[in-house]
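Novice: There's a structure below that I have some questions on.
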Amino acid sequence: MIASRLRSAQPYLLSAPALLVIGLLFLIPSVYNVVLAFQHLTPYQSPGEAEAAGLENFTDLWSSGDLPHAALNTVLWLTAATVVLRLGIGLGLALALESPILRRWRLRGVSRTIILIPWMVPQVVAIAAWRWILDGSTGVLNQALTGLGLIDQGVPFLAQTSTVWWSIIAIIVWRELPFVVMVLVAGLQSIPAEQYEAAAVDGAGRWASWRSVTVPHLRPVLTVVVLVTVIQTFNNFVYVWLTTGGGPGNATAVLATELYSAAFFDNDLGAGAAIGLLMTAIMAIFAVVYLRVTSTKGDSR
Amino acid sequence: MTTARSDRMTVARSRPAPRRASRENRRPRDLVFLVPFAVVLLVILFPVIWMLYSSLRPVQAISQGITWRNVFSGLSLDSYARLFEQTGFGRYLPNSIIVCVSGTVITVAIATLAGFALSRFAFRGRPAVMLVLVATQLLPFVVLITPVYLLFAELRLLNSFAGLIIVYVAITTPLATLLMTGFLNAVPQTLDEAARIDGASTLTVIVRVIAPLVWPGIVTVGVTTFIAMWDEFLFAQVFLTSDSLKTVQVGIAGLFGEYGTDWGVVMAASVVAALPTVVLFSLLQRRLVAGMTAGAVKE
C-alpha cells in the first residue's frame, strides 16, 4: 500500500526540481510583474515600500510620446523587417543546400558548415565584429567603399538615422539566419521523394510540383519558424542596446531597451514593469491571432 | 572557385570508382548557380574572417588602409596580450566557466530527472507540465528582468554567482527537459523494467541503466545548455555589478569605449568569447542542429 503510493508520487518528485526553478523564475515573476506595473518603486527600495500607482505608469508612458515610437520601431524595423528578410533569404539558402547541383559537386557539407557559422558566434560577439566592420572612419566597409571610389568619406552607419536601422537589420539577419535555414532544410528533407515522383508521373513541371508538394509540406514548419523568430526578435534587447543604445537620439529605441532604461537608468521599476506587461500583451495577441489565421488556412486547403 | 576545385580533387582521390557517374554529370552550366552561391557564402563568412584577422593585426596598422602589400605583414598576438594585461578578461574568463559549467551540470541533472518522469510515467498533470515547458519558450526574458531583480535582491542573491547560476538553470531547464524527454522516449522501456524487477530503485535505474544508454543525448543537452548560458548577456549585466564577477559577454560590452575603441583588443576578446561555442558546435554539429531545431519545432 505504502509502496504503491510512493510509486505514484515518483513522477512528481522527479519533476519537482524542474517545476521549482520554473515556478521561481517564470511563474512568480510573471505574476509579480503585473503587480509591479501598478506600483511606484525604485531599485533602492524593498518591495514593501512600494506605493500604489494606479494607471500612472501606463499614462506616463503614453504621454511621454516615446512609447508609440518605440513600439512602432519594435514591430516594423526590429521584428517584421528582419523576419521577412530571414524567411526570404533563408528559404533561398535552404533550397540551394538541397539542390542536386551542390550534391553533384560534393559541396553540401562545406556549404552547410559555412552557413551555420554565424549561429556559433555569441550575439554579443557578432555585434562587436559588425560594429568594427561598420565603424564610421576606419571600418573595413567604409575603407572598401572609399577605395572603390563609391563614396568620398566614411559613412557613420550606426550613428546616422538614414542608415542605422539597415545596419542593425544586417547584423540580426546575419546572426539569426542559420536557424531559419536549418529548420527549413529539416522541413524540406522530411518531404517523401515519392510525392515528387508521383507529381512527375502526373506530368507536373518544376513549378507545379513546388506548388503542390513543397509548399503544403513546408507550411507547418514555416508557421513555427515565424512564431519562434517573431517572439524571440520582438523581445530581443542585445542587438539594439549594444549597437546604438537606442540612438542616435532615440531613432532606434525599441520596447526592450525602453524597459531596461526605465527600470535601471531612470530607476523606475514600475515603469519598466508596465512596458514589460505591454510587450507580453502584444506578443500574446500576436500568437493567438497568428495561430488562428494559420490553422484556418490549413483547414480550407 | 578554388575551394570547389580543391574539394573536388580531394574527393576524387579518396573515393575514385563509385562517384564517377555523378562527377560526369557536372556541367559547366552549374556555375551559373555555383558562382553566386559562393559569393553569398563568402559574405556570410566574411565577418568571422575579419574578426580573426583584425585580432592578429598590429595596432598601428589597424587604422591604416589595407593594401595588397601589407595584408600579411606584422601579424602578431599583441592584441591578445593587451587583452589579458590591460582589461579584466583574465578574470572574466574563469568567471564565465565557473557559472556555465556548474549551471550546466545542475540543469542536466534536473532535466534528466524530469525527462524520465515525463517519458516513463503517465501521471496526472503531465499534459499541464508539457504545456508549461513549451509556454516558457515563448515568454520574454526581458520582461522577467525587473521582477526577478527585485526577488533576488530580497533573497540577497544579486552580485553573486549563485544568483546567476539559479537564473541560468531556470531559463535553460524547459528546453533541456523537452530535449531530454525526446531522447529518453527512444530508450526501450523494457530495459528499465527489467532492472526494476531485479529490485533497483528509480534513481539506480536512471544512473546505472538509463544514463549510460542515453549518454549521447545527455551530451547534446549539456552542450546546448552550456552554449545558451555562455551567450547570455542581459541577466549577467544586471545582476553582476562588481567588476571582478563579470562574465565574458559583459566584459566585451565594457570594452566599447565612449571615445575611441581599441578594436584589436575587442576582436581578440571576441575570438576568445566565441571559441568555446564554435569548438563545441563543430564537434557535435549534426546532433546539435537536429536537437536545437527539434526543440523549436516541437509542440
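Novice: Out of region B:258-287, which residues are without any contact (Cβ under 8 Å) to a residue 40 or more places away in the chain, within 15 Å of residue B:82 (Cα to Cα) and more than 7 Å from chain A (Cβ to nearest Cβ)?
Specialist: Hit for region B:258-287 is B:261, nothing else.
Novice: Report yes if residue A:111 is facing chain B (nearest Cβ under 7 Å), open to solvent by less than 30 Å² (accessible area, probe 1.4 Å) and more than 15 Å from the chain's Cα centre (by Cα), otherwise no.
Specialist: Spelling it out, residue A:111 is indeed facing chain B (nearest Cβ under 7 Å), open to solvent by less than 30 Å² (accessible area, probe 1.4 Å) and more than 15 Å from the chain's Cα centre (by Cα).
Novice: How do the pairs read when you match residues in region A:198-210 that are assigned to a helix (DSSP H, G or I) with residues anywhere that are not hydrophobic (A, V, I, L, M, F, W, C), using Cβ under 7 Å and keeping only pairs 6 or more apart or on different chains?
Specialist: Partner pairs satisfying both residue conditions: A:199/A:209; A:199/A:212; A:200/A:209; A:209/A:196.
Novice: State whether one or more residues within region A:179-188 are more than 10 Å from chain B (Cβ to nearest Cβ) and surrounded by fewer than 16 Cβ atoms within 10 Å (Cβ to Cβ).
Specialist: The answer is no, given that none of the residues of region A:179-188 is more than 10 Å from chain B (Cβ to nearest Cβ) and surrounded by fewer than 16 Cβ atoms within 10 Å (Cβ to Cβ).
Novice: Of the numbered conditions (1) at pLDDT 90 or above; (2) farther than 25 Å from residue A:275 by Cβ; (3) surrounded by fewer than 19 Cβ atoms within 10 Å (Cβ to Cβ), residue B:159 fails exactly one; give the number of that condition.
Specialist: Just one mismatch for residue B:159, condition (2).
Residue-by-condition table, conditions (1) under 27 Å from the mean Cα position of the chain (by Cα); (2) away from chain B (no Cβ under 13 Å); (3) open to solvent by 10 Å² or more (accessible area, probe 1.4 Å):
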| residue | (1), (2), (3) |
| --- | --- |
| A:131 | yes, no, yes |
| A:145 | no, no, yes |
| A:156 | yes, yes, yes |
| A:170 | yes, no, yes |
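Novice: Also, quick follow-up: Among residues belonging to region B:162-192 that are hydrophobic (A, V, I, L, M, F, W, C) and outside any helix (DSSP H, G or I), point out the one that is surrounded by the most Cβ atoms within 10 Å (Cβ to Cβ).
Specialist: B:187
Novice: Out of curiosity, is residue A:119 among the hydrophobic types (A, V, I, L, M, F, W, C) and more than 30 Å from residue A:153 (Cβ to Cβ)?
Specialist: Taking the combined requirement at face value, the residue satisfies it.
Residue-by-condition table, conditions (1) out of contact with any Leu (no Cβ under 8 Å at 6 or more places or on another chain); (2) at the interface with another protein chain (Cβ under 9 Å from one of its Cβ atoms):
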| site | (1), (2) |
| --- | --- |
| B:93 | yes, no |
| B:115 | no, yes |
| B:126 | no, yes |
| B:135 | yes, yes |
| B:139 | yes, yes |
| B:145 | no, yes |
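Novice: While we're here: Just the residues that are open to solvent by 20 Å² or more (accessible area, probe 1.4 Å) and either hydrophobic (A, V, I, L, M, F, W, C) or facing chain A (nearest Cβ under 9 Å) (or both), please, taken from region B:147-156.
Specialist: B:149, B:151, B:153, B:154, B:155
Novice: When region B:238-249 is examined, which residues are found to be at pLDDT below 95 and facing chain A (nearest Cβ under 10 Å)?
Specialist: B:238
Novice: Scan region A:262-276 for residues that are assigned to a helix (DSSP H, G or I) and surrounded by fewer than 20 Cβ atoms within 10 Å (Cβ to Cβ) and report the count.
Specialist: Selection size over region A:262-276: 1.
Novice: Can I ask one more? From the residues in region A:84-103 that are at the interface with another protein chain (Cβ under 9 Å from one of its Cβ atoms) and surrounded by fewer than 19 Cβ atoms within 10 Å (Cβ to Cβ), which one is nearest to the chain's Cα centre (by Cα)?
Specialist: Looking at residues that are at the interface with another protein chain (Cβ under 9 Å from one of its Cβ atoms) and surrounded by fewer than 19 Cβ atoms within 10 Å (Cβ to Cβ), I get A:89.
Novice: Can you spot a residue in region A:225-236 that is at the interface with chain B (Cβ under 10 Å from one of its Cβ atoms), under 25 Å from residue A:59 (Cβ atoms) and either touching a Cys at 6+ places or on another chain (Cβ under 6 Å) or free of Cβ contacts under 8 Å to residues at least 40 places away in the same chain (or both)?
Specialist: no
Novice: Out of (1) at the interface with chain B (Cβ under 8 Å from one of its Cβ atoms); (2) open to solvent by 30 Å² or more (accessible area, probe 1.4 Å), the odd one out for residue A:121 is which?
Specialist: Condition not satisfied by residue A:121: (2).
The values are calculated or read from the model by the stated rules, or taken from the named source; none is laboratory data. Computed from a prediction, not measured in an experiment: that's the story for all the values here. Ideal geometry is used to build each Cβ from the backbone, glycine not excepted, and the neighbour counts take in all protein chains shown. For accessibility, only protein heavy atoms count, side chains too; no ligands or nucleic acids. Shrake-Rupley method; radii C 1.70, N 1.55, O 1.52, S 1.80 Å.
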